Each structure stands twice: as structure tokens, then as C-alpha cells.
1. Largest first, how would GLU643, GLU649, GLU382 line up by accessible area (1.4 Å probe)?
2. At 1.4 Å probe size, with every protein chain present, just tell me what the per residue accessible area of the chain comes to in Å².
3. At a 1.4 Å probe radius, which order do SER24, SER247 fall into by accessible area, largest first?
4. If a/c stays under 1.5 just call it rounded; otherwise compare a/b with b/c (prolate if a/b is bigger, oblate if not). Do that for segment 185-227, with a ≥ b ≥ c from the square roots of the Cα gyration tensor eigenvalues.
5. Please report the antiparallel percentage of DSSP beta bridges with both residues in the chain, rounded to the nearest 5.
6. About its Cα centre, how strong a charge dipole does the chain have in debye, to the nearest 20, once Lys and Arg get +1 and Asp and Glu get -1 at the Cβ?
7. Could you run the Karplus curve 6.51 cos²θ - 1.76 cosθ + 1.60 with θ = phi - 60° over segment 21-26 and give me ³J(HN,Hα) per residue in whole Hz, x for Gly and Pro?
8. Any idea which of LEU447, GLY416, LEU352 is furthest toward the positive side of the dipole for segment 342-491, if Lys and Arg beta-carbons carry +1 and Asp and Glu beta-carbons -1?
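The values are calculated or read from the model by the stated rules, or taken from the named source; none is laboratory data. Quantities reported herein were computed from a predicted structural model and do not represent experimental measurements. Heads up, the Cβs are rebuilt from the backbone with ideal geometry, glycines too, and the neighbour counts pull from every protein chain shown. These area figures cover heavy atoms from the full protein model, side chains too; ligands, DNA and RNA do not enter into them. Shrake-Rupley method; radii C 1.70, N 1.55, O 1.52, S 1.80 Å.
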Amino acid sequence: MTDFTMTTDKDGVATIVWDTVGKSMNVMNQQGFTDLDALIDQALADEAVKGVIITSGKDGSFAGGMDLNIIAKMKDSAGDDPARGLFEGVMAMHGVLRKIERAGMDPKTNKGGKPIAAALPGTALGIGLEIPLACHRIFAADNPKAKIGLPEIMVGIFPGAGGTTRLVRKLGAMAASPLLLEGKLNDPQAAKRAGVIDEVVADPVAAAKDWILSNPAIVKPWDEKGYKMPGGAPYHPAGFMTFVGASAMVNGKTMGVYPAAKALLSAVYEGALVPFDTALKIEARWFTNVLMNPSSSAMIRSLFINKEALEKGANRPDAPDQKVKQVGVIGAGMMGAGIALVSALAGIKVVLIDAKQEAADKGKSYTADYMDKGIARKKATEDEKTAVLGLINATTDYAALKDCDLIVEAVFEDVGVKAEVTKKVQAVTGPDCIFATNTSTLPITELAKASNDPAKFIGIHFFSPVDKMMLVEIIKGEKTGDVAVAKALDFVRQIRKTPIVVNDARFFYANRCIIPYINEGIRMVKEGVEPALIENAAKLVGMPLGPLQLVDETSIDLGVKIAKATRAAMGEAYPDGAVDEVLFWMADQNRLGRKSNSGFYAYDDKGKRLGLWDGLAAQYPAANEQPDLVTVQHRLLFAQVLEAVRALEDGVLTDIREGDVGAILGWGFAPWSGGPFSWLDIIGAPYAAERCDQLTAQFGDRFKTPDLLRDMADKGQEFYKRFGTGAKAA
Ligand code: NAD
């Protein structure tokens, strides 16, 4: 079976249909390229063929892109000299697309050649747009659900099959930049307005055929003499401004840690200075450079392959379908309101309960506001708003929970209140109903004691704001059964978020790792490290927020509350006295973070963050000698990753894929690294252990090398090799 087939009609128009065997959307692999190449050769050689249409056999889509599983492994399978192997492989791909573009024309006179059109029934992404860009005209169906674009940058690569070079030459660097640098996707009408495709029609195959038979001109502008790049090449005054601006923007956004963004910009700049075929070679070199960088394969592995595996239920126990029909959300505060919203958006009926009707209604109004914003941005309609609101029953009456098959409790963080609510709920719900708590700090096993059936009790921990945060942490108590886990996973799948499943322990997984990050930042303030150095070091290593900004966002009084509870639980062994001194002092100054418009940062009346608060420097003056950047970065990164390793050692994490995906989606752990375990694999266990020894000697036992890491260092192992590519921890 082959993914590409060709037929020629009586008018001499050949149609190549792409139909990847066994997939609902086309994806490209090496064999696909070979087959396409052979068909193009055949069509160009056949005198009876006047022109070619390349289209898809799938309803509503052309192609989803390159098979990323293959890209992730390309380096390993590229032979003894992987850079050369990769470069040659990429150039072979360019060869096929350039053959389509030149279509048999005479290289000198541009005479001859056959028109080749792309006919897109819908979505065309990545290589699925790079092939059409090599064709002479692109027709797309008027399908508003279709997405057209080059999203490669989102997974740590860039369009490397000529898409970068062709789009820049077609649109100019300025117009191409949101499509290339941000991976912006458009529907067909918007793609036409942006100049990416040529025509939006009812029947793209018929329109392509008419066009071919009209004997059209097919030479690409960049193959004509005197071609000038729209908006100007780099040495043109306008082009100069574009490139200076783009360079600043990319570095401002990425802090220089994403190799793909830099490489893309270099490919565009250097390619703009030379003829087209040389530009393709330059693009191939930079693409090879990115593929050789361990960051790109780590990002693809975590952000695409493993994320998708977890979403599809990689760790789901064997249990019948547990799709949720009606969910009861108890507590209509910040979290409950968000959980009700995402459930109703997924079409699930919701009973939203609070102690007072007013509070329940306020929780429901969160969904109304959300839909109103969607209507204002033309993303939703009044009818959709009515339908979504119609799914939410806001009430104080527990009896309304009778038919719910899942409860998510999000009342105050208090064992007594939660126990009382559990009992009240279970007095009305049926024996099969699963009870989940959204607690962020209380042990699930402890809370399950209030339940009449601890096997049906589980933690489903959302992150705030619920509608934006993609991770959901599912926590198993000691007695939680398989059906409860399956229920939680099926629910998370319904609301289209990404789950990780962890075992019960203080702060579960995400908060367990993020608290030491915040603490390390605050500890450095106490030591006299410049706060600006701390914050910038974090951002320059790819953290979305510095630790001081993060604690401002989550609130300083919450930090105080957690510190007091942890100290009470740990007693003498509590290690964070120095951190508390700063934190408690801030709380005493009534600087509670963003919510009080004052924290480690200063804010204006409207809540706009201004800069680091100067009162901090007065209380904790900067030391005369400041640490170097890398030391600060290593303190901040190791504080997190060592906790992740300990979570694996303790059996809280049972799958390193969840550790990596959860870290990126849950708290934004340096996405360029692929997550904590991927980062340790990139730097290597021997170096990581050596660095921990140094940090321990200098800063204390919290950096002590965990036994697992020491063992791996001794054996020269990597996490993804030791625990298998997609496998569970031993
Ligand atoms: P919140 O104070 O905004 O909301 C709690 C709601 O529960 C209030 O509306 C309150 O009226 C209601 N409530 C209290 N007792 C009740 C009862 N007996 N019956 C019915 N309703 C009752 O709190 P929140 O921030 O939404 O947090 C709720 C839960 O989610 C907590 O367990 C918290 O630890 C957890 N959580 C919070 C966050 C966060 O970032 N805020 C993140 C993850 C988890």
C-alpha cells in the first residue's frame, strides 16, 4: 500500500491523491516522499499529461504535517556522521519540492514545464503547506474550520522543507514573520488575505483543473530575472529595519534559549542575501543545526509525542468507558467556577453548588462573562452562550446532585469543611459516583477518611486559571481504585486537558517542585543577591516568571500559610527558616503580592507591574560580591529538578514522561529543555551529580545528589534510556 496514487483523466490532468494508510489525517514519512517523487517524475515524463493536481483523500483536510515521531528519531538514524546524514536527507526533500516548482522548465529560458496545483480540502499544516507552497497555485475549500499554517516553531523546530525560504520570498520577511516565528494558523479566507494561498473556492479540485487547462504562466517570481523581495532584502532601508526589529523581538520573547527561533531568523536573513537555490541550502544547514540540538528532540518528545500519549490514556487502568454525563461541582469560588466552565464547554451537565445562592450564581456568571468575551472576539455566538449556560444548574440544593456520576469538590482548603461536604454529598449521590477533591495541599488519603467508599475517592487537581492551564494532576490516595482513576482520566479527556497521574504525598508533584524554586529565589534575597539578577537569571534560562514575580502572582500570604503548615508538619527538620524571614517580613509590611498591588514588585493603581520594589533593597541590601549568572541559574533549576527526581524515587511519579510534560504545562519549567528529566539527560547524569556536590558544599544539603541520580552518574545512564522511551519508572 502506498500513501500516494495518481490517475489521469481524459483531458490530460493528472491527480495525485495523498491518503496516508491507517490515519485520519495525512502525515508525511520518508516513504511518502519517495512515492511522491516517483509520481511527479512519471507525470512530467508522460506527454499525455498537461498538468498535475495534488490533493488529499481525507475529508476536510490536506495534511497535518511531518510525522514528528520520525523527526524526533532522525538524528539517531542519520548514521555515523549525523549532521551530514541529516543535511543530505533534508536536501533530498528539497529536491522533490524544487522538482515540483520547476516542473520540467528549461533552467535557462524558463520555457516549458507543466502547471502543478495544490487543491486543499481543508487543514494544511507544516509539510502539508510546504508542498503546496512549492506548487504553482494553491486552491483551498471554503472551510472555516480548516487551519492553514506552519506551526513547527511550537515544537522546537522550524519549517525546513523550503517553507521558510518560499514564504519569505512570497510575502516578504515582515508579513511572513507571525506565520513563521509564532506559528500563527489561519482559516482559508484569512490565509488568502495574508497571501499564503491563492484562491478559496467551493470545489478546489475542479477549480485547479480549470486553471491547469487555461494554460497559465507558472514561473515563480523568484525564478524570474530581477526578482525583488517584497518589503526589501536586508540591505534595503525598509528590509534593514525589519531584520533589526525581528531580531530584537525574537530575543525579547525567547531570551535566546530556543535554538529554533534563532536558527529560523538566521536562515531567513542569510537566505535573503543569495539566490533561491543557495537559500534552500542555507535553510537546510540551519534546519540540520536545529535537529542536531538536543533541545529540539526533547521538545518534540515532551510537547508532542508524550503529551499526546498521556492525553490518549497511556496510564489509564483497564476499566470500561467512564465518560462523565453529569458533574457536581461543590464550591463556586475561583476554582469551582472555572471547573464548571470547562465542563459545560465540553457539553457536560453541571450542578454548581455553593453555601449561598448568591455565591453559586456568581460562579455561574464566570461562564457568562467568558462567553461574552468570546462573542466580542467573534469566537462564539449568542446561541452557544445560551446552550453552555443551559448546562449549568447553580444551586444550594444538594439534592440536585442525585444523578451526578462525578463530583469535584472545590470548597475552602480545610479538612473539617471538606469532610462535612463529602458526607453531605454522599448522602444523595449513588454508589457508583466518584468523588474528587481539588485540594492543592491536603493529603488525599486523609480526606478519603470522610468518604463512605475510599476506593471511589480521588484527587483531581486543577491549576489556576482553570480555563487557561492545560495540566490536570490526578492524585491516587492509598485506597483509590482503578475505576476512579479511569473516571478522572476520561473526564480530563472530555475537557481536552492533559493529565498526569501521581501518588499521594505532600504537595503531590507540581507544587512540590515549584515551592523549592520560589524558596531558592527568596533565600537569595536574604543572602544579598540582587533581586534583578535572580529574576533575570530565571528568565534567561527559560522560566516564564522569575521566582519573586511568581510568588507575587500566587500571593505572599498563601506562601506564609504553606510555610507555617509545612513547619508544623516537619518540626525540627524544617529547612526553610531563612526563606520565612523574608516572606513573613513582606507579609508584615502588608505587601501580599499582585492582589494587594504591592509585593516583591511595585505596581501602579491599575495593577500594572512597574519594577522591583526598592524597599526590598533597603531591608536586604545587596552584597558587595554577586554570584555569577550560571550559579544563580543552577540553584534555581536544581531546586526544581532534584525535587522531581526525589518524586520519582519516592514513587509519587511513576512515569518520567508525566514528570516532564507536567513540569512544562503545570509551571512552565524551561520548555526548551523538554522538562526536568530531559534537562538532566541533556547535561548528563555525571555532570549533574558533580554540580550537585558543588552546590551542596556551597549552599547546603538541599542540593544533595539523590541516590538514583548518583547511581545513574556512576553507570553513565540517561533517564529516557534507563526508564525506556515511553516507559514507566521501574
Ligand atoms: P475560593 O475561596 O475562591 O472558593 C471556595 C468556595 O467554596 C467559596 O465560594 C465558598 O463559598 C464555597 N464553600 C465553602 N464552604 C462550602 C460548603 N460547605 N458548601 C458549599 N460551598 C462552600 O477558593 P478556591 O481558590 O476556588 O479554592 C478552592 C479549592 O481549590 C481549595 O481546596 C484550594 O486549595 C484548591 N485549589 C486552589 C487553587 C488556586 O490557585 N486558588 C489551585 C488549585 C487548587
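1. Values: GLU643 30, GLU649 80, GLU382 110 Å².
Most to least solvent-accessible, the answer reads GLU382, GLU649, GLU643.
2. Per residue, the chain has an accessible area of 43 Å².
3. Working: SER24 110, SER247 50 Å².
The residues order as SER24, SER247, largest area first.
4. Values: a/c = 4.09, a/b = 1.18, b/c = 3.47.
Since a/c reaches 1.5 but b/c is at least a/b, the shape of segment 185-227 is classed as oblate.
5. DSSP beta bridges in the chain are roughly 25 percent antiparallel.
6. Working: 83 positive and 90 negative charges, 240 e Å.
The dipole magnitude comes to about 1160 debye.
7. Per-residue couplings from phi come out as 5, x, 10, 7, 10, 5 Hz.
8. Toward the positive end, the furthest listed residue is LEU352.
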